[in-house]
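**Student:** Before I ask anything, here is the structure I am working with.
Nothing in this text is a laboratory measurement; each read-out follows from the coordinates by a stated rule. Everything numeric in this text was worked out from a predicted model, so none of it was measured. Here the Cβ positions follow ideal geometry from the backbone for every residue, glycine too, while neighbour counts run over all protein chains shown.
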Amino acid sequence: MDPTKSADYQMNTSFKDNDGDNCSGVEINNLSDEVFHYGPMDAPVAIHFFGQMLDKMEEKHNNDQTVGLIDPSCINYNQDYQISLPESHQETNGYGKAPELLQNSAYEDVGYTSAADVFQAGVHLFRMHTGHNPYGNADNRDWWYSKMVHGNPMFWKAMEVTTPNIDPEFKDLINGMTDSDPFSRMTIDEIRNHPWVQNNQETDDFTLSCMIEDRRIQSEEQNESFQ
């Protein structure tokens, strides 16, 4: 069976097919809408938002707390592109749910730890950089979810059908952040020092602002050309 034809995959990618009617003049202030309206983020832009997410997670972890599951529509940012996370755990319909949080998981007794925050951060990063979710449902019966968390190379091979030319270093980072074993999952320090992050981050705020604005302009121009 071709996994790109499955119901799970259609759910995974369906929001990419927006017609752009709402792109012009809409006030965008959260990461979900940013991706929905303007598409995938280039690596430096994704890392800019992702790095802030890691900082806020680390702050929680240093105080023996976790961020908890967060719907991407609730990750807001201000006019300076600085993000804020909700203060309390949310019901996300399984978005970003790590394998150890599923029933009958080999690590079910572990519960929600800082490693589960890392997993969901990997899911958020995947969506920001590719423009769509990595799976349909956080469930081992979901073809994409199962292949991703178990490091099956078929996950990336199938993903290349609709998202070609994915950087191998990005694949390696996502694999490390979404490992099914919470004890083997990457730490925040390891993520920060990963080659994909180190080689693609942009530290100049003005340059980042220009990159974010340019991607919006290009997206709106592209949408207008299809109308």
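**Student:** Give me the mean projected area, in nm² to one decimal, of the convex hull enclosing the Cα positions of the range 89-143.
**Tutor:** The orientation-averaged projected area of the Cα hull of the range 89-143 comes to 4.1 nm².
**Student:** May I pose another question? For the range 92-227, what number results from the quotient of the Cα radius of gyration and 2.2 N^0.38 Å?
**Tutor:** Output field value: 1.17.
**Student:** Here is a follow-up. Given the peptides 48-54, 121-127, arrange them by the average over their residues of other C-beta atoms within 10 Å, most packed first. It would help to have the intermediate numbers written out before the result.
**Tutor:** Working: 48-54: 20.1, 121-127: 24.3.
Result, highest mean Cβ count within 10 Å first: 121-127, 48-54.
**Student:** Starting from the 7 Å offset along Cα-to-Cβ, what nm value, one decimal, do you get for the label separation of E169 and N140?
**Tutor:** If labels sit at E169 and N140, their model points lie 3.5 nm apart.
**Student:** Which value, in Å to one decimal place, does the Kirkwood hydrodynamic radius take for the range 46-161 when every pair of different Cα atoms is included?
**Tutor:** Value: 15.0 Å, from the Cα pair sum.
**Student:** Follow-up question, since we're still on this one. What FRET efficiency would be calculated for the residue pair N104, T187, taking the C-beta separation as r and a Förster radius of 30 Å, to the nearest 0.05?
**Tutor:** Between N104 and T187 the formula returns 0.65.
**Student:** Compute the distance in nm between two label points, each set 7 Å from the Cα along the Cα-to-Cβ direction, one at S219 and one at N62.
**Tutor:** Placing both labels 7 Å beyond Cα along the Cβ direction yields 3.2 nm.
**Student:** Separation of the range 51-123 and the range 183-222 by C-alpha centroid, Å?
**Tutor:** When both Cα centres are located, 19 Å separates them.
**Student:** Do any chymotrypsin sites (Phe, Trp or Tyr not before Pro) in the range 152-203 lie in a loop, going by DSSP, with at most 10 other beta-carbon atoms within 10 Å of their beta carbon, and if so which?
**Tutor:** Of the chymotrypsin sites (Phe, Trp or Tyr not before Pro), the ones in loops of the range 152-203 whose Cβ has at most 10 other Cβ atoms within 10 Å are F183.
**Student:** Over the range 154-227, what portion of Cα pair distances is larger than 20 Å, expressed as a whole percent?
**Tutor:** More than 20 Å apart: 56 percent of the Cα pairs in the range 154-227.
**Student:** Compute the length gained on full extension between D80 and N152: take 0.36 nm times their separation in residues and subtract their Cα-Cα distance, giving the result in nm to one decimal.
**Tutor:** That pair, D80 and N152, stretches by 22.0 nm at full extension.
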